[in-house]
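Enquirer: The structure is given below, and queries will be raised subsequently.
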Amino acid sequence: MRKALTGVLSLAVLIGTVGAAGASAGAATAAEPDAKRNSPAAVQGGEASNEDIKDRILAIPGMSLIEEKPYLGYRYFVLNYTQPVDHRRPSKGTFQQRITLLHKDTDRPTVFFTSGYDVSTNPGRSEPTQIIDGNQVSLEYRFFTPSRPEPADWSKLDIWQAATDQHRVFTALKKIYAKKWLATGGSKGGMTATYFERFYPKDMDAVVAYVAPNDVDDREDSAYDRFFRNVGTKECRDKLQAVQREGLVRRAPLLKKFTEHAAANGLTYTTLGSFDRAYEAAVMDYIWAFWQYSTLADCTEILPDAKNATDEAVWDAIDAISGFGFYSDQELEGSIPYYYQAGTQLGSPDIKQPWLGHLSRYGYQPPRNFVPRSLPMKFDRGAMRDVDSWVRNNAHRMLYVYGENDPWRAEPFRLGRGAKDSYVYTVPGGNHGSRISGLTEDQRAKATAAIQRWAGVAPAAVQADPTKAKPLAKFDTRLDQLNGEIERDEAVLRP
């Protein structure tokens with residue numbers, strides 16, 4: 001389990017306030033009526049009454065209820081939806097895919113969120129959901145448990161099949177939620193939102209993709225090397241490199257501690273093949289992990305004199321950021337669908353780390369090493385090239401947000417001459433949790449105004465002056481996260 005750090009990132013965010021005076025009637029009056037309609041005392045008989053919205057959702061063929069959880073101002077449902085294992089041959093079996101629905105009002109726009117991994121069954125809002133004060137549908141990515149066919153035909157785990165999952169969910173729910181729809185997600189979720197738009201460009205009204213890597217040529221990763229040569233300050237880079245070097249210089253005593261740690265915690269390393277490979281993988285992650293999860297301000301917390309530190313201090317320094325248990329069979333189990341896709345379509349980073357000299361035995365290990373050998377893998381070199389070309393030439397109402405100091409920004413999505421009403425913004429000093437709320441004031445307002453315009457809820461004051469744009473929903477400490485906060489169990493070399 002990743003122990004990582006400090007935070008300031010999220011898959012859902014923005015401190016906001018309700019629309020300014022002068023907002024259009026629809027946007028300005030949305031919050032109060034919705035709260036009344038969704039309260040326990042709601043009047044029965046309207047389309048937004050307590051029973052009615054659930055009945056309408058469950059009337060969709062293939063939709064079933066797992067549970068409903070109360071949340072003030074919303075209805076929150078955890079659902080299953082029946083999907084074909086193979087959308088090209090739907091008669092060849094089905095599986096149950098988990099969905100959550102944060103319902104506010106059918107008169108509000110809807111955000112379609114995916115993390116690209118599993119789905120949380122607790123209520124939460126993505127940043128665009130807060131910005132537009134809308135509904136949110138969240139989808140679990142196919143093959144992440146429990147949304148996995150049994151038996152699992154892993155050849156049906158690809159970006160087109162996953163995009164078609166989204167297309168079917170959207171098509172089913174659009175009949176109830178008829179207003180504008182926006183796709184969003186962070187990291188692999190941002191990639192997923194992009195792939196959805198590429199294959200089904202007529203479904204969504206806009207896309208907001210956060211910190212989304214774009215590995216067009218998996219064989220050419222020099223952009224990552226350039227990133228690590230220049231990120232942060234030389235002082236910070238030197239301290240990080242010294243800790244990582246000591247992790248390999250002291251391989252013998254720390255590997256002994258690693259095996260003891262595994263035994264004490266019931267961890268095995270069959271997938272990677274040896275304790276030595278797993279130990280080195282965690283050490284090799286250390287610098288990447290620091291910049292993914294941390295900010296330049298956290299450099300003060302780095303072990304100051306690694307060469308003269310105790311073995312225990314070096315162990316603790318690396319474990320706090322990389323997490324020595326992550327590459328165990330037990331922890332990898334939940335990440336197999338990601339590594340499978342990285343090794344068949346998405347691509348993965350390979351960096352040189354020359355400061356380690358010849359201390360590394362295995363280098364950056366490829367995704368194949370993190371997937372059981374019983375699963376065949378063949379890489380499709382055309383998949384990401386196709387998506388990249390499509391975005392450059394066809395992006396329409398797409399917004400990308402990156403963090404300046406996030407390693408995954410080294411290979412971003414770029415807009416070409418064919419892009420229309422689309423934008424790429426970078427959060428100064430931001431990590432892998434960068435969000436619109438972390439942008440400069442001018443860019444934050446422009447991005448917020450664009451999202452509200454795309455969703456059809458921009459207040460009149462914002463239409464007249466985009467610099468006045470703010471989220472339409474107030475910040476909720478239970479539903480929303482701050483810029484920079486990041487999931488603590490996210491894998492370092494997973495986007």
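The values are calculated or read from the model by the stated rules, or taken from the named source; none is laboratory data. Note that the structure is a prediction, hence the values are computed from the model and not measured. Positions of Cβ are backbone-derived with ideal geometry, glycine not excepted, and every protein chain shown enters the neighbour counts. In case anyone asks, the SASA skips ligands and DNA or RNA and just uses the protein heavy atoms, side chains included. Shrake-Rupley method; radii C 1.70, N 1.55, O 1.52, S 1.80 Å.
Enquirer: Working only within segment 421-443, note down all residues that are over 30 Å from ILE287 (Cβ atoms) and either touching a His at 6+ places or on another chain (Cβ under 6 Å) or part of a helix (DSSP H, G or I) (or both).
Expert: Scanning segment 421-443 gives GLU441, ASP442.
Enquirer: Just one of the numbered conditions (1) open to solvent by 50 Å² or more (accessible area, probe 1.4 Å); (2) assigned to a helix (DSSP H, G or I); (3) touching a Lys or Arg at 6+ places or on another chain (Cβ under 8 Å) is not true of ASP217; which one?
Expert: Going through the list (1) open to solvent by 50 Å² or more (accessible area, probe 1.4 Å); (2) assigned to a helix (DSSP H, G or I); (3) touching a Lys or Arg at 6+ places or on another chain (Cβ under 8 Å), ASP217 breaks only (2).
Enquirer: Separate question: Test GLY273 against the stated conditions and say whether it is within 25 Å of MET377 (Cβ to Cβ), small (Gly, Ala, Ser) and open to solvent by 20 Å² or more (accessible area, probe 1.4 Å).
Expert: Yes, satisfied.
Enquirer: Please count how many residues of segment 252-270 are assigned to a helix (DSSP H, G or I) and in contact (Cβ under 8 Å) with a residue 40 or more places away in the chain.
Expert: Number satisfying all stated conditions: 7.
Enquirer: Answer yes if at least one residue in segment 407-420 is out of contact with any Cys (no Cβ under 6 Å at 6 or more places or on another chain), surrounded by fewer than 22 Cβ atoms within 10 Å (Cβ to Cβ), modelled with pLDDT of 95 or more and outside any loop (DSSP other than H, G, I, E, B), and no otherwise.
Expert: Yes, segment 407-420 contains a residue that is out of contact with any Cys (no Cβ under 6 Å at 6 or more places or on another chain), surrounded by fewer than 22 Cβ atoms within 10 Å (Cβ to Cβ), modelled with pLDDT of 95 or more and outside any loop (DSSP other than H, G, I, E, B).
Enquirer: Continuing with the same structure: Is it the case that LEU173 is over 18 Å from LEU346 (Cβ atoms), aliphatic (A, V, I, L, M) and under 18 Å from the mean Cα position of the chain (by Cα)?
Expert: No.
Enquirer: Can you tell me which condition ASP480 does not meet? The list is (1) of a type in the set (D, E, K, R); (2) within 26 Å of THR110 (Cβ to Cβ); (3) open to solvent by 20 Å² or more (accessible area, probe 1.4 Å), and all the others hold.
Expert: Here ASP480 meets the rest and fails (3).
Enquirer: Conditions first: (1) under 30 Å from LYS239 (Cβ atoms); (2) open to solvent by 40 Å² or more (accessible area, probe 1.4 Å); (3) of a type outside the set (Phe, Trp, Tyr); (4) in contact with a Gly (Cβ under 9 Å, 6 or more places away or on another chain). GLN330 passes all but one, so which condition is the exception?
Expert: (1)
Enquirer: While we're on this one: Criterion first (on the phi < 0 side of the Ramachandran plot, in contact with a helix residue (DSSP H, G or I) (Cβ under 9 Å, 6 or more places away or on another chain), of a type in the set (Lys, Arg) and open to solvent by less than 10 Å² (accessible area, probe 1.4 Å)) does ARG198 satisfy it?
Expert: No, not satisfied.
Enquirer: OK, next. Go through segment 172-200 and report how many residues are more than 26 Å from ILE57 (Cα to Cα), assigned to a helix (DSSP H, G or I) and polar (S, T, N, Q).
Expert: So the answer is 1.
Enquirer: Out of GLY430, GLY456, report the one residue that is of a type outside the set (A, V, I, L, M, F, W, C) and in contact with a helix residue (DSSP H, G or I) (Cβ under 7 Å, 6 or more places away or on another chain).
Expert: On the way: GLY456 fails: in contact with a helix residue (DSSP H, G or I) (Cβ under 7 Å, 6 or more places away or on another chain).
None of the others qualify; the one that does is GLY430.
Enquirer: Checking LYS234 against (1) open to solvent by 50 Å² or more (accessible area, probe 1.4 Å); (2) more than 30 Å from SER437 (Cα to Cα), which single condition isn't satisfied?
Expert: The failed condition is (2).
Enquirer: Among the candidates VAL427, VAL401, which residue alone is without any contact (Cβ under 8 Å) to a residue 60 or more places away in the chain, within 20 Å of the chain's Cα centre (by Cα), under 28 Å from VAL387 (Cα atoms) and buried (at least 19 other Cβ atoms within 10 Å of the Cβ)?
Expert: Numbers: VAL401 fails: without any contact (Cβ under 8 Å) to a residue 60 or more places away in the chain.
The conditions single out VAL427.
Enquirer: Same structure again: Give just the number: which of (1) within 26 Å of GLY456 (Cβ to Cβ); (2) crowded, with 24+ Cβ neighbours inside 10 Å does LYS179 not satisfy?
Expert: The one condition LYS179 does not meet is (2).
Enquirer: Tell me whether segment 444-452 contains one or more residues that are in contact with a Lys or Arg (Cβ under 7 Å, 6 or more places away or on another chain), more than 20 Å from PRO213 (Cα to Cα) and charged (D, E, K, R).
Expert: No, there is no match, as no residue in segment 444-452 is in contact with a Lys or Arg (Cβ under 7 Å, 6 or more places away or on another chain), more than 20 Å from PRO213 (Cα to Cα) and charged (D, E, K, R).
Listed here are the residues, each with its yes/no results for (1) open to solvent by less than 70 Å² (accessible area, probe 1.4 Å); (2) closer than 30 Å to TRP160 by Cα; (3) touching a residue at least 24 places away in the same chain (Cβ under 8 Å); (4) of a type in the set (A, V, I, L, M).
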position	(1), (2), (3), (4)
LYS378	no, yes, yes, no
HIS432	yes, yes, yes, no
GLY456	yes, yes, yes, no
LYS470	no, no, yes, no
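Enquirer: Just to be sure before I move on: is SER374 part of a loop (DSSP other than H, G, I, E, B), crowded, with 22+ Cβ neighbours inside 10 Å and polar (S, T, N, Q) in the structure I sent?
Expert: no
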